[in-house]
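S.K.: Have a look at this one before I ask anything.
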Amino acid sequence: MKKVTYFPGCSAHGTSEEFDLTVKMVMKTLDVEMEEIPDWNCCGATSAHTMNESLAYALPLRNLVLAEKLSNDTMTIPCASCYQRLKATKVHMDEDPELAKKINTAVVGEGSYEGRVAVKSMLQYCYEDIGLEAIREKVTSPVSGMKLACYYGCLLTRPKAITRFDSPEYPMSMDKIVEALGAKAMPFDFKTECCGASFSISDTDVVLQLSGKILEMAKESGAHAIVVACPLCQSNLDMRQHDIEKKYKVKYDLPVFYLTQLMAMAFGFPKEKMMFGKHIIPVDSALAHIGEVIEEPKKPVKGKKAVQAESEVE
Amino acid sequence: MARVGVFVCFCGANIADFVDVPTVVEEAKKIREVKFAVDYKYMCSDPGQQMIRDAIVQYRLTSIVVAACSPRMHEKTFRKALSDAGMNPYLLEVANIREHSSWVHQKDKKAATEKAGDLVRMAVAKSIANEQLHEISVPVTKRALVIGGGIAGIQAALDIADAHIPVTLVERSPSIGGRMAQLDETFPTLDCSQCILTPKMVDVASHPYIELIPYSEVIELNGYVGNYKAKIRKKASYVNFKTCTGCGTCWQKCPVKVPNEYNMGIDKRKAIYTPFPQAVPNKPVIDAEHCTYLLKGKCGICAKFCEKGSIDFKMQDEVIEREIGAVVVATGYDLWDATPYEEYGVGRYKDIINSLEFERMVSANGPTGGLPIRPSDGKVPKTVVFIKCVGSRDKAKGIEFCSKICCMYTAKHAILLHHKVHDSRAYIFYMDIRAAGKGYEEFVNRAQVETGAVYLRGRVSKIYQKGEKLMVRGEDGQLGREVEVEADLVVLATAIIPYKTNPALAQLLGISYDKYGYLSEAHPKLRPVETAKAGIFLAGCTQAPKDIPDTVAQASACAAKVCGLFAGDTMKKDPMISTVNNEFCSGCQNCVQVCPYQAIVTEEIPLGHGAREMRTVAKINEGVCQGCGSCVAVCRSMAINLAGFTDPQIINEIVAI
């Protein structure tokens, strides 16, 4: 059995409870024991790192130092923002000795940072440490028939200098995981486009415009639903969808799943346990596609000329 | 008693601002042997040189010290001044008080002045022990090797050959012509590339002084300027060029289809092929990687149909040697692979092509008969977006330089698109329009006015597919807003990079190259054609991105350099070379091992006067020796002496400080 340190972040204990819940279900199935960092604190996302650089590093650093007290060598984080802050702090601490010296003093009561623990997003942990093969093995009720648009948002693979995982522009790791679950990942150009989350409260119109474009392109791709691995992505695309539909006079009806919800379903957990009731856009229309056969476009038959040429060779 | 003259240069402000020149002169005057010392603003100028010439006569000087810039800069200039005054030029010493003092000690004028004084004292002491030396003559092999048969190589070969100097032109592909043969029309006059190039190609093939070796590569170069030996590997063509008439039956019958490099892979060629109909030589070769017979031993259709029996499947690669005196490198360019632009979907969308692919499409002899099409569905595009600086000027993607020609050929592409598809419109995203050249700005204006091409200043941030269209999202920097263009086709003006084998070639030639693989010129301004290795010259995009006029000019400059090199029957060479004193040489051969130029061999000499027994001593080839002094340093018995840097000279220098 694998062991991994878990940093849930504030949203997992609030708005994205269903993410936290399904992560735990999935990890249990995959024989991974999760050990939550005792007495973890805020990662400093959004407010701290726009206001005060030292604080923006000091807050995540305390979590990194606490994580080193556990015996695991990897930490996994479901929230993309938390992941981003912790990973950025780790990279800067590891590679900028001047900064490391300065920030280390902030956590002096907790011990000092060694850089022993790898920081990975939930997506990265599933893709790299668990692997597609292990995931595929646990699938008992594949979600085949579903066409899905995987939306990574801005933080899971960006900036590349920090995340060092997958492509910053056209990542494929989530696509490959949902395919391992039996679903079809649709080619989707807006998988890393901005959803406007930072303006969620201050300028909602921007969010409607940007998230609207993502929904439009997801619909265009032929997807039945969107898959995310970030609480903020989920809330923006799900919660704002009715407002977007109202503003642009369109109908998208695209449920927004957490990746782990679909994994848990494919691993055989009943859908009643997924807390789908928390979703604004009902998920049933998308789930109804499970079991459908997706017709692949026919591959072009070899032209007459090519066949002739081959026979000539013989 | 030695009579030394010291001449201290201000070098404008370069030296005078940081070294107190009059003090240096006063210090020099204190030296016993110095009979004359003076300063001047520009010692290298004619009045400066005249001061030297006059002083030599007036003060009966026996050696000269010039305290100025690096000897690499003006040693030759001052040596000439000495010989003009009737003095042996090697009685000159240069004290480098610019690079070695004023430039590097700008914060401490006092110390810089002291150091300059020391350098002058050393040079004076050394010059006292200078001996009269005389230039060495080395025989020259009057044949040039041109590597690369694009327009640069063609022009260089023709110009050299026109001076009745034999040229060996080596081309890696089956035909000469290079990139220019792939172009449709050329800026800024829109004359047809083939029409101006193919006659030159024919001239190369028929020129009595040019030996054309196609489908070959240079694999070794030994020797030194004027006396190189090159090994050339002729790749097996499996076709006997002597009997082949180029009738074309073989490639019509060949059943194997391979992506056509000449057409940038848009259509297919056969496994036996000539790159294009106007190829020179117009003889096919068999592509061994794809030929069914060579891979599996089956087929052989070409051999069956060849009336002349020219197909020879047993042909092997052949290595030939040529003795040559000079080399012109003209290996050309490649387009950078834009795959790192993931935000553009390069590689995912068929309808994003690069500029050479577009060039082939609009070319009259191209795979689409001169009509641009969308690779995805073969439809003629109405809205075409051109994106400039893809890769170029983009540090994040790894290339910092400007590719120089993209602004011009993109303007040309806009015009060509308009000529081929009248109801089309070009949108051009650009960073700056760099149209410096004769008639270039006018040409860009023409593209804008005549074709209605929309120039949008800004970068493209994303390309995505919406239905059949490619949505190109970018910035219109002049209006300060985001724009989206619904495009049928997107053409990327990707960066110009040197051919991928350039570093390997540079290593085998012994010349240097930069981090991108461009071959380095000897001086970026004053010696843009030469390399640091004597007798090797650069033409065209192998040195930096260039358009056709610049390439041709540089190629002709190469030819002038080669002709100059071959002007006499022998070549003059500096006498600063090593000599072995056989009396002292123990034959240990340490020097043979350290010599970086393979200039030292061994010879057998009688053990004593009239003795029959022999012993081994080192022997230095004066043509090859570059005077680096490595052998002097390792010689245990102090048997080797480097002229111009003898032990008394060096010891004098040390004693002086």
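S.K.: Could you work out, residue by residue across B:343-352, how many beta carbons of other chains sit within 10 Å of that residue's beta carbon, and then give the average as an integer? Write out the running numbers ahead of the final one.
M.R.: On the way: counts 6, 2, 4, 0, 1, 3, 1, 0, 0, 0.
Going residue by residue through B:343-352 and averaging, the value is 2.
S.K.: Based on the inverse mean of 1/r over its pairs of different Cα atoms, what is the Kirkwood hydrodynamic radius of the range A:2-123, in Å? Write down the numbers at each step before the final one.
M.R.: On the way: mean 1/r = 0.0690 Å⁻¹.
One decimal place: 14.5 Å for the Kirkwood radius.
S.K.: Using +1 at the C-beta of Lys and Arg and -1 at the C-beta of Asp and Glu, which of B:PRO71, B:TYR40, B:VAL104 has the Cα lying farthest in the positive direction of the dipole of the range B:1-124?
M.R.: B:PRO71
S.K.: Still on this structure, I have one more. Looking at chain A, do any whole DSSP H helices span at least 20 angstrom along their long axis by alpha carbon and average -1.0 or above on Kyte-Doolittle, and which? Display every interim value, and only then the final one.
M.R.: Values: long enough: A:53-69 (25 Å, 0.35); A:80-95 (22 Å, -0.80); A:204-220 (23 Å, 0.25).
Qualifying helices: A:53-69, A:80-95, A:204-220.
S.K.: Take the alpha carbon atoms of the range B:489-562, find their center, do the same for the range B:320-381, and report the distance between the two centers in whole angstrom.
M.R.: So the separation of the two Cα centres works out to 20 Å.
S.K.: Please list, by residue number, every one of the GluC sites (Glu not before Pro) in the range B:373-451 that is coil in DSSP and has at most 15 other beta-carbon atoms within 10 Å.
M.R.: On the way: sites: B:GLU400, B:GLU441, B:GLU442, B:GLU450; in loops: B:GLU400.
Passing sites in the range B:373-451 are B:GLU400.
S.K.: Kirkwood Rh over Cα pairs of the range B:484-528 into Stokes-Einstein at 20 °C, 1.002 mPa s: D in µm²/s? If you can, show how the numbers build up before the last one.
M.R.: On the way: Rh = 13.2 Å.
Estimated via Stokes-Einstein, D reaches 162 µm²/s.
S.K.: Can I ask one more? Tell me which cysteines of chain A come out unpaired when the rule is another cysteine's Cβ under 4.7 Å.
M.R.: Cys with no partner Cβ under 4.7 Å: A:CYS10, A:CYS42, A:CYS126, A:CYS150, A:CYS154, A:CYS194, A:CYS195.
S.K.: With charges only on Cβ, +1 for K and R and -1 for D and E, what is the dipole size of the range A:2-123 about its Cα centre, in debye, rounded to 20? Please list the in-between numbers first.
M.R.: Numbers: 13 positive and 17 negative charges, 16 e Å.
The calculated dipole for the range A:2-123 is roughly 80 debye.
S.K.: Right, next: Let's see if you can work this out: charge +1 on each Lys and Arg Cβ, -1 on each Asp and Glu Cβ, no other charges. What is the dipole magnitude of the protein assembly as shown about its Cα centre, in debye to the nearest 20?
M.R.: On the way: 116 positive and 116 negative charges, 273 e Å.
That gives a dipole near 1320 debye.
S.K.: Name the residue from B:VAL167, B:VAL601, B:GLN554 whose Cα lies farthest towards the positive end of the charge dipole of chain B, charges +1 on Cβ of Lys and Arg and -1 on Cβ of Asp and Glu.
M.R.: Toward the positive end, the furthest listed residue is B:VAL167.
S.K.: Here is a further query. Leaving ligands, DNA and RNA out of it, rank A:THR22, B:THR501 by accessible area with a 1.4 Å probe, largest first.
M.R.: On the way: A:THR22 0, B:THR501 60 Å².
Of A:THR22, B:THR501, the descending order of accessible area is B:THR501, A:THR22.
S.K.: Using only Cα atoms, what Kirkwood radius does the range A:115-264 have, in angstroms? Write out the running numbers ahead of the final one.
M.R.: On the way: mean 1/r = 0.0634 Å⁻¹.
Roughly 15.8 Å, rounded to one decimal.
S.K.: Leaving ligands and nucleic acids out of the surface, order B:ARG457, A:ARG164 by accessible area at 1.4 Å, largest first.
M.R.: Details: B:ARG457 95, A:ARG164 125 Å².
I get A:ARG164, B:ARG457, largest accessible area first.
S.K.: As a test question: what accessible area, to the nearest 10 Å², does B:ILE165 have when a 1.4 Å probe is rolled over all protein chains in place?
M.R.: Counting only protein heavy atoms, the figure is 20 Å².
S.K.: Tell me the relative contact order for chain B as a rounded percent, counting alpha carbon contacts under 8 Å between residues six or more apart.
M.R.: Values: 1431 pairs, mean separation 84.4, N = 657.
Worked out over chain B, it gives 13 percent.
S.K.: Report the residue, chosen from A:MET51, A:MET146, A:MET27, that carries the largest GNM mean-square fluctuation when chain A is represented by alpha-carbon nodes joined by springs under 10 Å.
M.R.: Answer for the Gaussian network model of chain A: A:MET51.
S.K.: Based on the alpha carbon coordinates of the protein assembly as shown, what radius of gyration and maximum Cα-Cα distance (Dmax) apply, in Å?
M.R.: For the protein assembly as shown, the Cα radius of gyration and maximum Cα-Cα distance read 36.9, 113 Å.
S.K.: Also, I was wondering about something else. For the range B:578-656, what is the relative contact order in percent, using Cα pairs closer than 8 Å and at least 6 residues apart in sequence? Numbers along the way, then the final one.
M.R.: Working: 120 pairs, mean separation 30.9, N = 79.
Once divided by the residue count of the range B:578-656, the mean separation gives 39 percent.
S.K.: May I pose another question? Tell me, Kirkwood radius of chain B from alpha-carbon pair distances, in Å?
M.R.: By the Kirkwood definition, the hydrodynamic radius is 29.1 Å.
S.K.: Counting only the heavy atoms of the protein chains, how much of B:LYS379 is accessible to a 1.4 Å probe, in Å² to the nearest 10?
M.R.: Accessible area of B:LYS379: about 100 Å².
S.K.: Any idea how far apart B:GLU622 and B:GLU318 come out in nm if each label point goes 7 Å out from Cα toward Cβ?
M.R.: My value for the distance between the label points is 4.0 nm.
S.K.: Right, next: So which of B:LYS200/B:LYS283; B:LYS229/B:LYS270; B:LYS304/B:LYS350; B:LYS231/B:LYS573; B:LYS283/B:LYS388 end up more than 29 Å apart, counting from Cα to Cα? Before the final figure, lay out the partial values.
M.R.: Working: B:LYS200/B:LYS283 18 Å; B:LYS229/B:LYS270 36 Å; B:LYS304/B:LYS350 39 Å; B:LYS231/B:LYS573 26 Å; B:LYS283/B:LYS388 38 Å.
Over 29 Å Cα-Cα: B:LYS229/B:LYS270; B:LYS304/B:LYS350; B:LYS283/B:LYS388.
S.K.: Also, I was wondering about something else. Looking at chain A as a GNM with Cα springs under 10 Å, which of A:PRO297, A:PRO78, A:PRO231 has the largest mean-square fluctuation?
M.R.: A:PRO297
S.K.: Let me ask something else about it. From largest accessible area down, sort B:TYR427, B:TYR409; use a 1.4 Å probe on the protein chains. Before the final figure, lay out the partial values.
M.R.: Details: B:TYR427 55, B:TYR409 20 Å².
Descending order: B:TYR427, B:TYR409.
S.K.: Something else about it: Please list the helices of chain B that count as membrane-span-like by this rule: a mean Kyte-Doolittle hydropathy of at least -1.0 together with Cα atoms stretching 24 Å or more along the helix axis, each helix being a complete DSSP H run. Please list the in-between numbers first.
M.R.: Working: long enough: B:109-128 (29 Å, -0.07); B:548-565 (25 Å, 0.91).
Qualifying helices, which must be both long enough and hydrophobic enough, are B:109-128, B:548-565.
S.K.: Positive end of the dipole of the range A:142-287, charges at C-beta (+1 Lys, Arg; -1 Asp, Glu), about the Cα centre: which of A:ILE226, A:PRO270, A:GLY212 has its Cα farthest in that direction?
M.R.: Toward the positive end, the furthest listed residue is A:PRO270.
S.K.: A further question follows. What accessible surface, in Å², does a 1.4 Å probe find on B:PHE36, ignoring ligands, DNA and RNA and rounding to the nearest 10?
M.R.: Approximately 40 Å² of B:PHE36 is accessible to the 1.4 Å probe.
S.K.: Further question on the same structure: Considering only the protein assembly as shown, what is the antiparallel percent among its DSSP beta bridges, to the nearest 5?
M.R.: Values: 57 of 125 bridges.
In the protein assembly as shown, approximately 45 percent of DSSP beta bridges are antiparallel ones.
S.K.: Express the relative contact order of chain A as a whole percentage, based on alpha carbon pairs under 8 Å and six or more residues apart in sequence. Numbers along the way, then the final one.
M.R.: Numbers: 523 pairs, mean separation 57.6, N = 314.
It rounds to 18 percent for chain A.
S.K.: Hey, what does the equivalent ellipsoid look like for the range B:4-128, semi-axes from the Cα gyration tensor as sqrt of 5 times each eigenvalue, largest first, whole Å? Walk me through the numbers before you get to the answer.
M.R.: Details: eigenvalues 96, 44, 28 Å².
Semi-axes, largest first: 22, 15, 12 Å.
S.K.: With the crude spin-label approximation of a point 7 Å out along Cα→Cβ, what separation in nm comes out for B:ASP514 versus B:HIS100?
M.R.: Label at B:ASP514, label at B:HIS100, 3.0 nm between them.
S.K.: For the range A:142-287, what number of Lys pairs, 8 or more residues apart or on separate chains, have alpha-carbon atoms under 17 Å from each other?
M.R.: 18
S.K.: Also, I was wondering about something else. Once you sort the root eigenvalues of the Cα gyration tensor of the range B:11-59 as a ≥ b ≥ c, which label holds: rounded (a/c under 1.5), prolate (a/b larger than b/c) or oblate (the other case)?
M.R.: Values: a/c = 4.02, a/b = 1.13, b/c = 3.56.
It comes out oblate by the Cα gyration axes.
S.K.: Mean residue ellipticity at 222 nm from the helices of chain A, using -39,500 (n - 2.57) per DSSP H segment of n ≥ 4 over the full residue count, to the nearest 500 deg cm²/dmol? Display every interim value, and only then the final one.
M.R.: Numbers: 15 runs with 138 residues, N = 314.
Result for chain A, helices only: -12500 deg cm²/dmol.
S.K.: Could you work out the helix-only [θ] at 222 nm for chain B, with each DSSP H run of four or more residues adding -39,500 (n - 2.57) and the total divided by the number of residues, to the nearest 500 deg cm²/dmol? Can you show the working numbers first?
M.R.: On the way: 17 runs with 179 residues, N = 657.
Theoretical 222 nm ellipticity from helices: -8000 deg cm²/dmol.
S.K.: Also, I was wondering about something else. When a/c is below 1.5 the answer is rounded, else prolate if a/b is larger than b/c, else oblate, so apply that to the range B:333-497 with a ≥ b ≥ c taken from the square roots of the Cα gyration tensor eigenvalues.
M.R.: Working: a/c = 1.21, a/b = 1.04, b/c = 1.16.
Rounded is the answer for the range B:333-497, as its axis ratio a/c remains below 1.5.
S.K.: So, R0 is 51 Å and r is the distance between the beta-carbons of A:ASP203 and A:ARG164; what FRET efficiency does that work out to, to 0.05? Intermediate values should be presented prior to the final figure.
M.R.: Working: r = 32 Å, r/R0 = 0.63.
About 0.95, to the nearest 0.05.
The values are calculated or read from the model by the stated rules, or taken from the named source; none is laboratory data. Quick caveat, the model's predicted, so the values are computed rather than measured. Backbone-built Cβ (ideal geometry, glycine too); neighbour counts: all protein chains shown. For accessibility, only protein heavy atoms count, side chains too; no ligands or nucleic acids. Shrake-Rupley method; radii C 1.70, N 1.55, O 1.52, S 1.80 Å.
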